[in-house]
1. Report the Cα centroid-to-centroid distance between the range 69-96 and the range 23-62 in angstrom, as an integer.
2. Taking only DSSP H segments of four or more residues, each worth -39500 (n - 2.57), what value at 222 nm results for the chain once the sum is divided by all its residues, to the nearest 500 deg cm²/dmol?
3. Helix 67-77: angle to the longest alpha-carbon principal axis of the chain, degrees 0 to 90, nearest 10?
4. How far is helix 92-101 tilted, in degrees, relative to the longest principal axis of the Cα atoms in the chain, given as a value from 0 to 90 rounded to the nearest 10?
5. Taking amide hydrogens as modeled 1.01 Å from N in the peptide plane, which residues meet the under 5 Å criterion relative to GLY133, leaving out close sequence neighbours?
6. Which ordering of ASP91, ASP110 is given by a fewest-first count of other beta-carbon atoms within 10 Å?
7. How fast does the chain diffuse by Stokes-Einstein, in µm²/s, taking the Kirkwood radius from C-alpha pairs at 20 °C and 1.002 mPa s?
8. Would you list which aspartates and glutamates come within 16 Å of LYS17, measuring only between C-alpha atoms, while excluding same-chain residues fewer than 8 positions from it?
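Just so you know, all these numbers are worked out from the coordinates, no wet-lab data involved. Keep in mind the model is a prediction, meaning the values are calculated, not measured. When we count neighbours, we look across all protein chains shown, and the Cβ atoms used for this are built from the backbone with ideal geometry, even at glycine.
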Amino acid sequence: MENTILKGRSIVEGHTKARALVSKKPISFLGGVDPADGKVVEKNHDLCGECIKNKILCFPHGHGSTVGSYILYSLSKKHLAPRAIINQTADPVVVVGAILADIPMIDQIDIYKIKTGNIVEVDATKGLVRILGRES
């Protein structure tokens, strides 16, 4: 999958590169992510215990309360937010949070082509995701 390019829809413009953290489950930022340390705390979640800080966070879609938008913004202010968000389907709560926090965001991406640990370059201005492989 090295140097694979995926085309999606730009939600929040921006450009970044970081290690991917991929979930097969939706994420709720209210109650699902600890705002004090950026770790996923939702029980039985496939990312439970993982920190989203400085990752390219890939998940199908968000769910939960609109307060989740503020939690994402708060994580950003504490430097605990992901570097970018990639979704299959954009959820209004996550979109508003990404806009407030100025986190590059793309949707309409097959996130299952991205593996946790891949180095991913996100050009959310053009709606492009480039999978660069893994760093050693």
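1. Centre-to-centre distance over Cα atoms comes out at 10 Å.
2. -5000 deg cm²/dmol
3. Rounded to the nearest ten degrees, it is 70.
4. Here the helix axis deviates by roughly 80 degrees.
5. ASN3, ILE119
6. Final ranking by Cβ density, sparse to dense: ASP110, ASP91.
7. So the translational diffusion coefficient is about 151 µm²/s.
8. Cα-Cα hits under 16 Å: GLU2, ASP102, GLU121, ASP123, GLU135.
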